[in-house]
Amino acid sequence: MYARRAAQLLQELSSCEEGQLPPYNGDKFDQVIRECEEHSRQFQSLIRDKDIETKNEDHYGSFIHHLSIIRNKRCLMAYMYKRAEVIQSYRWNVGRVLPREIQDKLNFSEQEYFKDYCGVIDSYMKDLDLDLTVDMVPPKDPYIRVRVLSEIGEVSLGDHAVSLTKDSFHFLRRTDAEPFISQGLMEEFVE
Amino acid sequence: MPGYYDISDILMEDEAVSVVFHVGANGVGLLDPGTETNSVEKGAKIDLPFWLAHELCRRRAVSITIPSCFGQKMKKDVQADAACVDLGTRYPYFYEFGCKLFPLVGDKSIGPFLRHTFANRYKEMLSKSHTASLNAIPKFVLRLSKEEYQLFEAARSSMVEFKKWRVRDLGLMKTTIVGHKRKTDLH
């Protein structure tokens, strides 16, 4: 009671590294919501038939329940907000497709949120005719040497097709190679 | 000022403070483990989380007693050697908590005490952060409060960036002439 569980939820979230998420703790979340309902019931029972102006014991008791509900709300909102921020950053750092381990940590509505966010970014980029997610760090060279780590197959880049077999080396444009590098399928070959 | 969604602010407000109730409160017996009825008596001394104590104090329903982290023993410890005081494990939100507590409690000495503690610890922290390497976590870091730790990390990462900048590759052509190489000790 009194927002201790909600604080535990946030502890879990803040103990993770920057940019990582713990799995969505639906159980605790629901427990906090049930606590709020309990506070609300107590509040109703203290307020019933009482004159709001008199500052008696019931008034202070109901006030404490009211504050607890507000506090729980703040904790839950901060939990969702922080997770939403990290999910947004996944689009920029990881790409359009999330690996299995990350998807397992999100609940259903968070996965929907990710899809919608990707859709918004994509329609914006289509209007600009510019891919904003490549080159997050300004590159020194438009071309890059890469080594393919896992089998990708035939990919058409620009006007020609490249066969990306495992352990092959290629000299590609940076914008073409970046999506593969961020998914971990290729690595930059540094002499 | 920390925002509504700021997680470290929310966690900081969860710190417990001891309060004395000026009024009774019904229906909240869970706050006081010693009570038999479902209410808190006037004059009861209870530990409340700071967010609750703060609001009740504003409405003059309780008065907050100064917690031990700003008490006499702490002041003596700081006088002896500020840098050795273990804020990281005991009071990670020392400074923020003090700043929020200060207007609610009548003690005017908290402000200067916070500043004095910080100033004394800062010197040691500055020198350690510039010499610490990236991987090892010196034991002394565990003694820092959350805000001090952020400063420490900022100094450490800027030092690492500086070292990287010093050895940066300027993209010059490598020649085959091997001249007299000057050894630079940068690690």
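In a fully extended conformation the segment linking B:ASP47 and B:VAL20 would gain 8.8 nm over its present Cα-Cα distance, using 0.36 nm per residue. Of the peptides A:92-105, A:58-71, the order by per-residue mean of other Cβ atoms within 10 Å, starting with the highest, comes out as A:58-71, A:92-105.
Computed per residue of the protein assembly as shown from DSSP H runs no shorter than four, each worth -39500 (n - 2.57), the mean residue ellipticity at 222 nm is -16000 deg cm²/dmol. Holding the Cα-Cα limit at 21 Å, pick out from B:LYS76/B:LYS108; B:LYS128/B:LYS164; B:LYS100/B:LYS123; A:LYS28/A:LYS82 the pairs that are longer than that. In this structure, B:LYS100/B:LYS123 lie more than 21 Å apart at Cα.
Using the 1.4 Å probe convention, the accessible area of the protein assembly as shown works out to 62 Å² per residue with neighbouring protein chains retained.
Note on A:10-17: average number of Cβ atoms from other chains within 10 Å of each residue's Cβ is 2. Entry note: chain A has Rg to Rh equal to 1.21, where both radii use alpha-carbon atoms and Rh is the Kirkwood radius.
Taking a ≥ b ≥ c as the square roots of the eigenvalues of the Cα gyration tensor, an a/c ratio of 1.5 or more together with a/b no larger than b/c marks the protein assembly as shown as oblate. When the square roots of the Cα gyration tensor eigenvalues are ordered a ≥ b ≥ c, the ratio a/c for the stretch A:1-110 is 1.5 or more and a/b exceeds b/c, which makes its shape prolate. In µm²/s, what is D for the stretch B:16-96 at 4 °C and 1.567 mPa s, where D = kT/(6 pi eta Rh) by Stokes-Einstein and Rh is the Kirkwood radius from Cα pairs? Calculated translational D: 91 µm²/s. Partner aspartates and glutamates whose Cα lies under 16 Å from the Cα of B:LYS139, excluding those fewer than 8 positions away in the same chain, are identified as B:ASP86, B:GLU124, B:GLU148, B:GLU153.
The values are calculated or read from the model by the stated rules, or taken from the named source; none is laboratory data. The model shown is predicted, which means the values in this text are computed figures rather than measured ones. Methodologically, a virtual Cβ is constructed for each residue, glycine included, from the backbone with ideal geometry; neighbour enumeration extends over all protein chains shown. Note: areas computed on protein heavy atoms with side chains; ligands, DNA, RNA excluded. Shrake-Rupley method; radii C 1.70, N 1.55, O 1.52, S 1.80 Å.
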